[in-house]
Amino acid sequence: MRWKPLTCLLFIISNYAVSGFKIPSIDFEMLNELGFEVSIPDEPGIQRVFYMLQIDESCPPLMDYITESVNGSWVSKQKTSLQNNDKLQISVLVQFNEEIFEKSETRVIINKRLLTTRNTSSRTIDFPSGEGECEAILAPQQQAKRCKPAQTIVTSGRRTCEGELIFEDNFSGPHLNKSTWKHDIRQRMYHVEEELVAFDDSPRNSFVKEGNLHIVPTVASEVKEGSFKLGDRCTAVESPDTECNIAQNTFYTIKPPVFSAQIHTRDSFSFKFGKIVVRAKLPKGDWLFPYLMLQPVSTYAESHYAKQLRIAYARGNANLRTKQGEDISGNHLYGGMVVWHHGRAVQFTKDQVSTAHYGDDFHNYTMIWQRDKITLMVDEEIYGELYDGLPYFNEKCFIIFGVTVGGFLNFDDSVLDKDVKPYKNREPRAALSFWKQRDAWAPTWGRQSAMIIDYVRVYAE
């Protein structure tokens, strides 16, 4: 047997009583990225050989039926590449002088050095009459699984099967599951990505009711009296001095005009590649913006200039158009990604226009994240595929849900007519201007200003 240098296999052996003929030792060879091969040496009397090869108990297994030996061996070559920590179960059936013998071994790729090698003994069995009977003989204590290994990588690093449900929250309990979800607590004003809101964990801004998660923006009662201090509850990472506190009696700064909530799974669940489905009703109201997105685990929910995979979003405005007349109201759904290049946002998006506002009813928003593309769907219908920008997302991502207000990126001055917005991006008085014109936007809010999420599910892909 030939061993590839610095490759290790650990044998886990099962013993059987010998009955006449004994199947020779099973030889195994790694073929680098070209796969692997298994073989047994030829002996007089061997008529046919059948191999069944299972990688990490995946089903259906690899199977090969050999009717003649080549160069003194019964060889099966497989193009599937084995990875570190893969477990390969080798089952071989040999027809010898009209009798059938069976032998099984399990080999695990451990590290890059050779450990031990031992042989199993073989046993005679009745000739199998069908696939199901053969399956029962080879694995009498295992129920057959239908698992195709997925490319998805989850928090624990374990292997997954295509279509496997790897994360789910139906929000069926009386409260938000605090072991799964964490709150982002900080104010979002007075920096380059300014949003006119403070995120908090107040039960008025996020709660579970009748099997749904509600994220509710609320208008502040006043913005000028006293100071704004979050203290130890603040979760800001990069700019705690400004995001956790607003000093009293400054020239143009005010306390947050709106309070809302943003939650995430960074500490509990993340994945790379997969299918995420969120059934939700998006918020409706002027200058509201929903966050249904994924963000790399190398960042925090509170990070500035973080890359984002945006599962879906539609602006809250019932009526909003660009200078060129394009409808960018809540009837216009988008999904895609945001990456930052030298402090400037680069967006890769696909979109779909509906006759109704996406805040009028529940919809299923789906993103399928694969190695070579991202597929965007609403209510099981594909509305876009993205191929550019994928190299920016080469790590596991966590889930973020939230409702914000404004945002220089979310409502870009350059595409809107003058005086449409109640504030201007990058002006120091943006929050103050927004607050002073609250009589124009606050009446558009109401019960429909909440984002309501029925469930979120993530499947291996």
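The values are calculated or read from the model by the stated rules, or taken from the named source; none is laboratory data. All of these numbers come straight from a predicted model, not from anything done at the bench. Please note: Cβ atoms are built from the backbone with ideal geometry, for glycine as well, and neighbour counts cover all protein chains shown.
Quick look at the numbers
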quantity: Odd one out for Ile153 among (1) in the same structural domain as Gln262 (by TED's automatic domain parsing); (2) farther than 14 Å from Val403 by Cβ; (3) touching a residue at least 12 places away in the same chain (Cβ under 8 Å); calculated: (1)
quantity: Residue list for region 365-382, restricted to those being surrounded by fewer than 18 Cβ atoms within 10 Å (Cβ to Cβ) and not in a loop (DSSP other than H, G, I, E, B); calculated: Glu381, Ile382
quantity: Any hit, region 187-197, residues being among the hydroxyl-bearing types (Ser, Thr, Tyr) and within 23 Å of the chain's Cα centre (by Cα); calculated: no
quantity: Boolean, Gly325 is touching a Leu at 6+ places or on another chain (Cβ under 8 Å) and in a loop (DSSP other than H, G, I, E, B); calculated: no
quantity: Among the candidates Asp267, Asp286, Asp327, residue that is closer than 28 Å to Gly211 by Cα, of a type outside the set (S, T, N, Q), over 18 Å from the mean Cα position of the chain (by Cα) and assigned by TED's automatic domain parsing to the domain that holds Tyr392; calculated: Asp286
quantity: Selected residue [assigned by TED's automatic domain parsing to the domain that holds Thr253 and part of a strand (DSSP E or B)] from Gly407, Gly402; calculated: Gly402
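Yes or no, residue by residue, for (1) of a type in the set (A, V, I, L, M, F, W, C); (2) within 20 Å of Ser270 (Cβ to Cβ):
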site: Met377; (1), (2): yes, no
site: Glu381; (1), (2): no, no
site: Leu390; (1), (2): yes, yes
site: Lys396; (1), (2): no, yes
site: Val403; (1), (2): yes, no
site: Phe411; (1), (2): yes, no
site: Asp417; (1), (2): no, no
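Conditions tested, residue by residue: (1) in a loop (DSSP other than H, G, I, E, B); (2) farther than 23 Å from Gly316 by Cβ; (3) at pLDDT 95 or above; (4) not hydrophobic (A, V, I, L, M, F, W, C).
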| residue | (1), (2), (3), (4) |
| --- | --- |
| Arg158 | yes, yes, no, yes |
| Gly163 | yes, yes, no, yes |
| Gly173 | yes, yes, no, yes |
| Asn177 | yes, yes, yes, yes |
| Met189 | yes, no, no, no |
| Val192 | yes, no, no, no |
| Asp201 | yes, no, yes, yes |
| Leu213 | no, no, yes, no |
| Val223 | yes, no, no, no |
